[in-house]
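Report on one structure; see the data block that follows.
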Amino acid sequence: ERLSHSVDQTFSLCIPPPNVTGTLHLGHALTVAVQDALVRWRRMQGYRVLWVPGCDHAGIATQTVVERRLLRETGKCRQDFNREEFLQEVWKWKNEKGEEIYHQLRRLGASLDWSRACFTMDPGFSRAVTEAFVTLCDSDLIYRSENLVNWSCALQSAISDIEVETKDVSGPTMMSVPGYENKVEFGNMFTFAYTVESCDSEVPVSTTRPETMLGDVAVAVHPDDPRYQAFHGQWCRHPFTNRLIPIITDTIVDMELGTGAVKVTPAHDFIDFHLSQRHSLLRPSVIRGDGTMEPLCGQWLEGVKRFDARQLVVNALAEKKLFRGKKNHTMTLPICSRSGDIIEPLLKKQWFVRCDTMALKAIQAVENGQLEIIPSHYTKTWTNWLSSISDWCISRQLWWGHQIPAYQVELPSSTTKEEELWVWGKSEKEARQRAAVKYGLNPNDISLRQDPDVLDTWFSSALFPFTMLGWPEKSSDFLRFYPNSVLETGSDLIFFWVARMVMLGSELTGQLPFRQVLFHSLVRDKYGRKMSKSLGNVIDPLDVIHGVSLK
């Protein structure tokens with residue numbers, strides 16, 4: 001009798017949904033142990049306790065695993081299948097392998113409520129993801145724009161800022177890059193000259209990426225740099241395309257770096273992109289999504305891989321007597337955390353989440369004590385990151401995931417390719433109705449094409465604390481157990497997951513998704529590295545339970 005519920009008190013939390021591709025390691029075991037201790041303690045105190053298990057569809061990771069498997073077993077790559085066929089293969093794999101994680105959790109003795117287990121691609125969860133996207137679009141918190149994104153040529157997809165890792169190289173360093181048989185050298189600064197049209201002078205520019213110079217649209221110098229005062233407003237001749245490009249002045253240029261004059265390639269560099277916005281410059285792309293050079297570069301480069309093109313461009317500059325040498329250079333390379341590829345900034349039309357106001361609310365929630373972060377030293381990390389947040393690119397060029405519920409509208413009258421027209425809706429029918437109202441037409445006269453991209457996996461993960469309880473329906477679970485009492489997870493998920501849950505949860509449900517965040521430390525190997533399959537330092541908790549040979 002003592003254990004009957006003190007009904008007014010509930011305690012709810014969710015397990016951080018592990019990737020469906022994975023198997024658990026000791027890091028997961030720690031999460032489960034801490035959470036299990038919390039829920040058993042609350043049960044003993046007579047609380048009504050809910051601890052929900054879940055699993056994440058892990059877009060990029062799962063698609064990569066299935067693509068590899070298909071290549072190994074059938075010799076076919078994804079492009080040999082149509083989308084439907086490929087997705088059938090992924091579901092087949094998921095149904096075979098996806099339960100593995102739940103078996104492990106059961107073996108660990110986790111007292112989870114299995115009747116409520118949810119997978120992020122379940123029909124109900126998918127409907128909630130669509131609802132969230134449509135609601136945020138209606139509130140102008142999701143918008144579509146052409147912008148520079150972090151592009152992984154190996155995955156042929158955009159990834160978000162926090163999926164980009166960095167590697168520092170101090171001087172020439174040979175590195176393996178996916179898709180190249182031989183290692184590629186990084187850590188050099190190349191200098192070449194642009195000849196100034198009106199006189200026989202030249203402006204030398206320095207770059208670590210000479211292959212992008214075919215997309216140069218300007219040369220920028222600092223307005224106060226005495227070396228280039230005479231050249232303000234002059235024009236240079238591009239040695240390969242023969243285009244005239246202006247010499248512009250901007251205080252963003254670092255006079256100390258390289259020659260103090262920089263080439264401006266807006267379609268392939270974040271700073272150059274901002275320069276192009278300020279100075280109304282064109283943005284021609286010269287590298288394709290697969291990492292080969294665009295036809296725009298001319299026949300001699302078209303289809304050549306970007307790092308092979310680097311040497312060809314340097315040789316061609318030397319032949320035209322414009323190459324001014326290379327020297328060792330300390331630099332930071334952006335690396336795709338998913339594939340190990342070198343990130344190529346590319347210009348793409350994508351969907352973005354507008355983060356500034358939501359981030360501000362998330363900072364205020366912690367400052368005014370509505371949301372408590374334990375240990376408290378993470379509060380500073382929280383505030384720093386959220387106060388300098390950039391908008392979040394949520395388009396992924398994959399097939400496995402939640403296809404974006406936005407539709408491009410083609411009107412019967414439009415013959416020219418003017419600007420894109422988009423509508424969104426919970427179904428194609430609703431999108432068609434919205435388009436009819438928006439453009440004053442009969443719904444049957446409109447043709448719609450759904451965006452082929454899927455949403456970033458972290459978008460659906462961010463909805464977990466309320467979607468697992470039946471949101472957007474006001475179900476009895478939702479009314480009783482939301483907001484969750486606590487969120488307990490590893491400190492490495494503070495940005496990927498926790499901050500985004502707080503931002504989207506507050507926006508979509510009108511309240512914080514939980515009142516406390518409890519971070520545990522990470523399990524590391526003797527070299528201080530996180531557990532990761534790629535490093536081979538993973539320990540399976542079941543091996544700890546049952547024992548295993550040293551080998």
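Key figures for this structure:
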| read-out | value |
| --- | --- |
| Full-stretch length increase - residue 548, residue 413 - with 0.36 nm per residue and alpha-carbon distance subtracted | 41.6 nm |
| In region 466-529, chymotrypsin sites (Phe, Trp or Tyr not before Pro) in a DSSP loop with at most 14 other beta-carbon atoms within 10 Å | 527 |
| Which labelled figure in [x] 1.84; [y] 1.04; [z] 1.10 is Cα Rg over 2.2 N^0.38 Å, once derived from the coordinates | [z] |
| Estimated FRET transfer efficiency (residue 420, residue 85; beta-carbon r; R0 25 Å; 0.05) | 0.30 |
| Inter-label distance for residue 480 and residue 138, nm, one decimal - labels placed 7 Å from Cα along Cα-to-Cβ | 2.9 nm |
| Carbon + sulfur, % of accessible area of region 468-551 - ligands and nucleic acids excluded, 1.4 Å | 54 percent |
| Whole-Hz couplings from phi, Karplus 6.51/-1.76/1.60, listed for region 429-440; x for Gly and Pro | 4, 5, 4, 5, 4, 4, 5, 4, 5, 5, 10, x |
| Gain on full stretching of the segment that runs from residue 429 to residue 381 - 0.36 nm per residue minus C-alpha separation | 12.9 nm |
| Positive dipole terminus of the chain, leading residue within 230, 542, 431 (C-beta point charges) | 542 |
| For the chain, size of Cβ-based charge dipole, Lys and Arg +1, Asp and Glu -1, in debye | 1080 debye |
| Qualifying GluC sites (Glu not before Pro) in region 181-224, DSSP loop, other Cβ atoms within 10 Å at most 10 | 181 |
| C-alpha long axis of helix 306-319 to longest principal axis of the chain, angle in ° | 10 degrees |
| Under-30-angstrom lysine pairs by C-alpha in region 365-463, whenever the two are 8 or more apart or on separate chains | 5 |
| Extension gain from residue 525 to residue 244, taking 0.36 nm per residue of separation minus the Cα-Cα distance | 95.5 nm |
| Gap separating the Cα centres of region 375-395 and region 128-173, nearest whole Å | 16 Å |
| Cα-projected label distance for residue 449 with residue 251, points at 7 Å along beta-carbon direction, nm | 4.5 nm |
| Per residue, in Å², the accessible surface of the chain once ligands and nucleic acids are set aside, probe 1.4 Å | 47 Å² |
| Rg/Rh for region 385-479, where both radii come from Cα atoms and Rh is the Kirkwood radius | 1.08 |
| In region 445-551, GluC sites (Glu not before Pro) in a DSSP loop with at most 14 other beta-carbon atoms within 10 Å | 473 |
| Pairs beyond 30 Å (Cα-Cα), from 94/361; 92/167; 361/526; 526/551; 305/349; 183/320 | 94/361; 92/167; 361/526 |
| Rounded FRET efficiency, nearest 0.05, which uses the C-beta distance separating residue 437 from residue 197 and R0 of 51 Å | 0.40 |
| Inter-part distance where region 251-330 and region 190-226 are each reduced to a Cα centre, Å | 10 Å |
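The values are calculated or read from the model by the stated rules, or taken from the named source; none is laboratory data. Worth saying up front: this structure is predicted, and the values here are computed from it rather than measured. Glycine also receives a Cβ, built like all others from the backbone with ideal geometry; neighbour counts cover every protein chain displayed. Remember, those area values only see protein heavy atoms, side chains included, never the ligands or the DNA or RNA. Shrake-Rupley method; radii C 1.70, N 1.55, O 1.52, S 1.80 Å.
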